[in-house]
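Down below is the structure, laid out as structure tokens.
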């Protein structure tokens, strides 16, 4: 499953591939422009907020 995060003001896009569907529960029922900590996606994403 892929997660595409974009920032239209700068045109920047980031594609994150996630194998475990349960890691996406962090993003369920969130509104657009809500800041979400992505610690659940793995050690390499710890401390990041999208």
Estimated distance in nm for a label pair at residue 26 and residue 43, the labels positioned 7 Å out from Cα along Cα-to-Cβ:
1.6 nm
log₁₀ I(q)/I(0) of the chain at q = 0.15, 0.16, 0.19, 0.26 Å⁻¹, via Debye over equal Cα point scatterers, no solvent, to two decimals?
-0.41, -0.47, -0.66, -1.22
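Read-outs throughout are calculated quantities, based only on the coordinates presented, and are distinct from any laboratory measurement. Note that the structure is a prediction, hence the values are computed from the model and not measured. Here the Cβ is made from the backbone with ideal geometry for all residues, glycine too, and neighbour counts use every protein chain on show.
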